[in-house]
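This report concerns only the one structure given below.
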């Protein structure tokens with residue numbers, strides 16, 4: 001789980017790191033406390049049974065069992081097996097992050113290659129960026145639980161504005177048992193070729209550069225799909241899990257404190273609580289849990305969708321919430337309708353320019369004319385494009401937005417290569 005904590009220890013002062021040990025969100029305590037309590041309670045149960053329940057002859061037999069488990073538990077190569085597993089998983093985790101389809105380079109390529117200050121030029125740029133974003137959405141919802149809960153069906157992808165209904169029909173007409181995240185990339189190439197024919201792309205070199213950036217974007221999507229498809233071998237995960245848990249099952253018996261009066265070697269003290277065994281459990285099992293949980297859903301990680309706000313404005317200054325008539329979302333007049341937090345609600349910044357509003361989460365807002373503030377003037381608005389309204393009944397699924405999507409007048413190119 002990715003939790004940013006560097007600001008808490010920005011200054012090197014005495015005891016500066018103790019603040020990190022008290023964090024609960026994203027901490028090892030939150031991840032491990034159930035297993036830790038179960039191990040400790042089981043240990044105490046065996047200890048109390050040995051001290052107060054067993055007869056003398058039963059105690060002698062239990063003491064021999066304790067010595068046997070303590071001598072042979074160290075034969076389990078926990079450190080070696082777990083260390084190799086952690087190295088493999090951490091390298092794989094960072095490689096997956098490196099393969100995230102970040103839109104920035106493609107956005108700059110589109111902005112610098114596709115020219116035209118008129119409405120059609122802006123539609124070209126926005127549609128190209130929307131197709132690349134759609135490809136990322138389709139691949140991420142197939143590999144990420146959090147993204148899938150945000151977009152459980154194609155209907156939610158359409159409602160979020162990544163796909164029109166006509167595009168959905170063409171998408172679903174292609175029957176395939178495999179992931180079809182590459183279809184928007186085909187639409188992207190066809191539209192870019194049409195823009196070149198119309199002279200909106202300066203020359204073939206610019207078109208080549210645009211295609212190279214798209215290919216890199218698509219390659220990242222493909223690598224995410226491959227990482228999800230080819231996981232760490234199950235046999236190795238089972239070996240590591242069995243090694244760790246069998247070691248601590250042996251420790252439940254082998255690390256018991258015995259009666260000092262019996263004179264067993266290494267059992268001169270009776271402390272009742274095995275402090276160092278608990279620390280060993282905390283380190284080893286915590287290590288294993290972090291590796292197994294590295295792809296799980298979390299609420300502390302840096303979301304991919306924080307950059308989508310800039311993606312949808314690469315084509316020009318206006319937002320998606322305005323159609324050709326100048327009306328607001330869903331054809332409403334300014335001053336009507338509900339607005340999400342810094343998202344689909346819009347504020348007019350002058351003739352033909354719309355920016356993100358800031359009415360708070362899910363509140364009803366009024367749209368102001370003639371405002372002069374810049375787009376995304378508040379930093380918190382940049383990461384709220386796909387946030388759900390607090391009034392949504394479902395925790396993960398947001399309702400649809402009845403608004404028209406910008407589209408080009410002729411879309412015959414869309415079917416090229418994908419029938």
Can you find a residue in the stretch 127-140 that is without any contact (Cβ under 8 Å) to a residue 40 or more places away in the chain and closer than 24 Å to residue 110 by Cα?
yes
Only one residue in 68, 61, 72 is assigned by TED's automatic domain parsing to the domain that holds residue 272, surrounded by 13 or more Cβ atoms within 10 Å (Cβ to Cβ), at negative phi and not in a loop (DSSP other than H, G, I, E, B), so which one is that?
68
Please determine whether any residue of the stretch 214-224 is under 30 Å from residue 81 (Cα atoms) and surrounded by 20 or more Cβ atoms within 10 Å (Cβ to Cβ).
yes
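Quick grid of which residues meet (1) under 21 Å from residue 120 (Cβ atoms); (2) touching a strand residue (DSSP E or B) at 6+ places or on another chain (Cβ under 8 Å); (3) modelled with pLDDT of 95 or more:
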residue: 174; (1), (2), (3): no, no, no
residue: 179; (1), (2), (3): no, no, no
residue: 185; (1), (2), (3): no, no, yes
residue: 190; (1), (2), (3): yes, no, yes
residue: 210; (1), (2), (3): yes, yes, yes
residue: 214; (1), (2), (3): yes, no, yes
residue: 220; (1), (2), (3): no, no, yes
With respect to residue 197, is the statement that it is over 17 Å from residue 143 (Cβ atoms) and either surrounded by fewer than 19 Cβ atoms within 10 Å (Cβ to Cβ) or outside the structural domain of residue 122 (by TED's automatic domain parsing) (or both) true?
yes
The one condition residue 30 fails out of (1) loosely packed, with under 11 Cβ neighbours inside 10 Å; (2) part of a helix (DSSP H, G or I) is (1)
Verdict on residue 231 being within 30 Å of residue 118 (Cα to Cα) and either modelled with pLDDT under 95 or within 31 Å of the chain's Cα centre (by Cα) (or both):
no
Number of the condition not met by residue 174 [criteria: (1) more than 25 Å from residue 203 (Cβ to Cβ); (2) surrounded by 14 or more Cβ atoms within 10 Å (Cβ to Cβ); (3) in contact (Cβ under 8 Å) with a residue 24 or more places away in the chain; (4) assigned by TED's automatic domain parsing to the domain that holds residue 197]
(2)
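Table: residues versus (1) more than 22 Å from the chain's Cα centre (by Cα); (2) part of a helix (DSSP H, G or I); (3) at pLDDT 95 or above.
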site: 38; (1), (2), (3): yes, yes, yes
site: 80; (1), (2), (3): yes, yes, no
site: 92; (1), (2), (3): no, yes, no
site: 95; (1), (2), (3): no, yes, no
site: 100; (1), (2), (3): no, no, no
site: 112; (1), (2), (3): yes, yes, no
For the stretch 202-215, indicate whether the set of residues that are part of a loop (DSSP other than H, G, I, E, B) and at positive phi is non-empty.
no
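The values are calculated or read from the model by the stated rules, or taken from the named source; none is laboratory data. All of these numbers come straight from a predicted model, not from anything done at the bench. Every residue, glycine among them, receives a Cβ derived from its backbone with ideal geometry; neighbour counts consider all protein chains shown.
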